[in-house]
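Reading through the C-alpha cells given below for one structure.
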Amino acid sequence: MNGVALRQGVAAVAGSVFSNEEFREAFGDRGRPGISPGQLALVSVLQFVEDLTDRQAAHAVRARIDVKYLLGLELTDPGFDFTVLTGFRQRLPDHGLEERVLDLLLERLAGQGLVSAGGRQRTDSTHVLAAVRRLNRLEFIGETLRACLEAVPAASAQWLVSWMDPAWQKRYGARTDAYRLPSERSERDRLAQQIAADGYRLLEAVHTSTAPTWLREIPAVTVLRTVWIQQFTRTVTDGVQEVGWRGKDDLPPGRALIASPYDPQARYSHKRGSACTGYKVHLSEDCTGSGQPHLITHVVTTDATANDATVVDAVHDASPPRASSPPNTSWTRDTPPPNSC
C-alpha cells in the first residue's frame, strides 16, 4: 500500500474518531482558541505511521496537500508550530488520557470487525532510551550533587550563599563531563570522598532548624538523599566522618537503583546482551485471523528491569475493557525492533 492510500485509509477509519470532546478535560475553557485536539491526535497517528519528528509532522501539515486533506484543512491553512505536539502529548498523561487515542481507534476498528474479542494476541517488549547521558559511577554522583546545587538556589539562593563553601562554585559549576576526571584509582577515590562529604554537608544543612522546611521537598534534594543512601556508607566516630563506596553486593537491586539525577524513574538494564538506561515498553498485537492486519491492541510501559513474562498477566487483566472477553495472550522472544537497544 502506497503512502497516499495508507493515509486515506487512516482518514476513513480515524477521521471522525478523534473529536475535540474526547480531549476536552485536558484543555481549558478560557484564553485564545487553540489547535483542535482531535486534529493533533490524528497528526500523532500520522507521526507513528510515517515515523516523523515533531518538526517534520508540523511541516507536513503546513506544506503537504495530502495531509491537509487528511485533516480536513483549507489549502491556505498555515498549520501550527511543532512545539504544539509536545504540549499535546504532555497534556494527555497529565489528565489521565494517555490511552485515549488507542482506545478510540480500537473501538472503531472493532466496529468494523478488524478486532474481535477472545482472539489471540502476542506481546513482546523493547527498550525506550531515557533522554539522559550514560555516566560512570564517579560522574553520576558528581552530576547528582551538581543538579541539586542548581535546584536549591533557584528556590532559596540567599540561604545557600549564606553558608556554602565558595570552592563549590568552581568544583561543581561545570558538568562533570566538561573536564577530565583523574585516571589514578587513588585520586578517583579521593574525589569520590570529597563529593560524598560535600553532599552530606548539603543534606545536613537542608535539615537544620534554620533552613526552610520546604527545601527538603525539592525533588533534586530527595534524589540526592536517595542516591547518597544507595551509593555510600557513612560512619561518624568521635566527630570523625568516614565515607566509602558501597560494594557491588551491597547496592540496591536494579529496579530501585537510580541511574540519572535528571530522570529518577529511569533504570539500567540488560536485554539480549545490550545495556540501556531508560524504560521498557510492552506491545501487544492481534494475530487472530489470516489475512487480517496485525493491529496493536495494548501498550504497557514499565521500568527497564521488569521481566517480560510478568507483564503478560497485567496485559490479560487490562484487556476486558476493550473487548467482551479476554484474549489468549502469548509472550514472544522475537528479535527486538531496530530501535531497541
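The values are calculated or read from the model by the stated rules, or taken from the named source; none is laboratory data. Note that the coordinates shown come from a computational prediction; the quantities given were computed from them, not determined experimentally. Every residue, glycine as well, gets a Cβ built from its backbone with ideal geometry; the counts of neighbours run over all protein chains shown. Keep in mind that these areas ignore ligands, DNA and RNA; they rest on the heavy atoms of the full protein, side chains included. Shrake-Rupley method; radii C 1.70, N 1.55, O 1.52, S 1.80 Å.
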The chain, Gaussian network, Cα under 10 Å: of Asp308, Asp29, Asp51, the residue fluctuating most is Asp29
With r defined as the distance between the Cβ atoms of Phe48 and Arg216 and R0 fixed at 45 Å, what FRET efficiency is calculated, to the nearest 0.05? 0.60
Pulled fully out, how much extra length does the chain show between Gln265 and Ile296, if you take 0.36 nm times their separation in residues and subtract their Cα-Cα distance? 8.6 nm
If I compute volume of the Cα convex hull per residue in Å³ from the structure I just sent, which labelled value in (1) 124; (2) 139; (3) 207 lines up? (3)
Test item: Cα-centred dipole of the chain, Lys/Arg +1 and Asp/Glu -1 on Cβ, debye: 680 debye
Quick one: dipole size for region 143-274, taken about the Cα centre, charges +1 on Lys/Arg Cβ and -1 on Asp/Glu Cβ, in debye to the nearest 20. 500 debye
Where does the charge balance sit around Trp168 when Lys and Arg score +1, Asp and Glu -1, over other residues with C-beta under 12 Å from its C-beta? +1
Percent of accessible area on the chain owned by carbon and sulfur, 1.4 Å probe? 51 percent
Return the whole-Å distance between the Cα centroid of region 205-257 and the Cα centroid of region 23-101. 43 Å
Once both label points are put 7 Å beyond Cα along the C-beta direction, the Asp249-Arg272 separation in nm becomes 3.4 nm
Sorting Thr83, Gly118, Leu105 by the position of each Cα along the dipole of region 37-122 (Lys, Arg +1; Asp, Glu -1; all at Cβ), the one nearest the positive end of that ordering is Gly118
One finds, for Phe27 and Gln158 with R0 = 45 angstrom and r their Cβ-Cβ distance, a FRET efficiency to the nearest 0.05 of 0.70
Could you list the trypsin sites (Lys or Arg not before Pro) in region 255-312 that lie in coil according to DSSP, counting only those with at most 13 other Cβ atoms within 10 Å of their Cβ? Arg255, Arg272
Between Thr83 and Asp177, take the C-beta separation as r, use R0 = 22 Å, and let me know the FRET efficiency to the nearest 0.05. 0.20
Taking θ as phi - 60°, what are the ³J(HN,Hα) couplings along region 141-147 by the Karplus curve (6.51, -1.76, 1.60), each to the nearest whole Hz, with x for Gly and Pro? 5, x, 6, 5, 5, 5, 5
Which whole-number percent is the relative contact order of region 78-231 (Cα, under 8 Å, 6+ apart)? 24 percent
Tell me, what is the percent relative contact order of the chain, built from C-alpha pairs under 8 Å that lie six or more residues apart? 21 percent
If the label point is 7 Å along Cα→Cβ of Leu102, which residues in region 123-146 have backbone nitrogen under 20 Å from it? 123-131
Taking loop as defined by DSSP and a crowding limit of 10 other beta carbons within 10 Å, which GluC sites (Glu not before Pro) in region 53-113 fit? Glu74
For region 78-157: accessible area per residue (Å², 1.4 Å): 48 Å²
